[in-house]
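The values are calculated or read from the model by the stated rules, or taken from the named source; none is laboratory data. Everything quoted here is computed from the prediction, not taken from an experiment. Note: ideal-geometry Cβ built from the backbone for every residue, glycine included; neighbour counts use all protein chains shown. Quick note on the areas: whole protein, heavy atoms, side chains included, nothing else; ligands and nucleic acids left out. Shrake-Rupley method; radii C 1.70, N 1.55, O 1.52, S 1.80 Å.
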Amino acid sequence: MRTLSRVGAVCAVASAAFLVAPVAHATAPGDNGTVKIHDATTGEELRKNEPHVCTFYLDAFGFDAVQEVDWHIEAWAPTADVNGETVKSGEITLDTDGHGRTDDLSLPDGHYKLFWNFEGENGAAKHKVFWTDCADEEGGGGTATPTASASGTPGSGESASPSAEPGESAEAGASPSASSSPAASASAQGSTGDLAETGNGAPVGLLSGVSAALLAAGGYLVLRRRRA
């Protein structure tokens, strides 16, 4: 009896699991879809979100076939003083694969939140937060242009002509006379000056006289001791 009761309990748990499983997946298939923020230069097939954009579009994947969507974008903190102000909105009908994209969009630099509502949704709207920042792209282009022009024709032309002309004149006129004769005379003077200092006869004569005097005094003292 105990074995039969245990088997009955196991069967009851398994039956409950099979009954609950369909209920857990009873949501509309379109709820499994996702929407992404894409830069205008990004291809539609790329399924990743890009939260920092300039010109952009909304790209949807995995919704129901030919599903109708209403979307709107609200200004969002911290750049918006109050959340909830709709700054852009539109409608789109997805294709038979549940995919679709909007036209290219643009907004002033700031922080925003997308709300994506679709026909037959079960629960809250899909949403994404993102930033638009076109100032960096424009600033980058503006700073690149002056540096290129400065290092291009004016800079290269000015730096090439002065450096080439003095170099040519130095090689033409200065090398035969200035570089050979001053260098040779300087080396000759340096060598003779060094030899004159080390080979001077005056200190040698003085030292020899002093040594002779010391020898004479020493000889005198020796003779005096012997006599004593």
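Odds and ends about this structure:
- Charge context of Lys128, other residues only, Cβ under 9 angstrom, K/R +1, D/E -1: +3
- Surface analysis of the range 37-106 yields an accessible area of 54 Å² per residue, using protein heavy atoms and a 1.4 Å probe.
- Spin-label model distance (nm) - Glu68 vs Leu214, 7 Å beyond Cα toward Cβ: 12.6
- Other-chain or far-sequence residues with amide H under 5 Å of Thr55's (modelled H): Ala40
- Separation of the Arg47 and Asp136 label points, Cα + 7 Å toward Cβ, nm: 2.7
- Extension reserve of the Leu105-Val87 stretch, reckoned as 0.36 nm per residue once the Cα distance is removed: 5.3 nm
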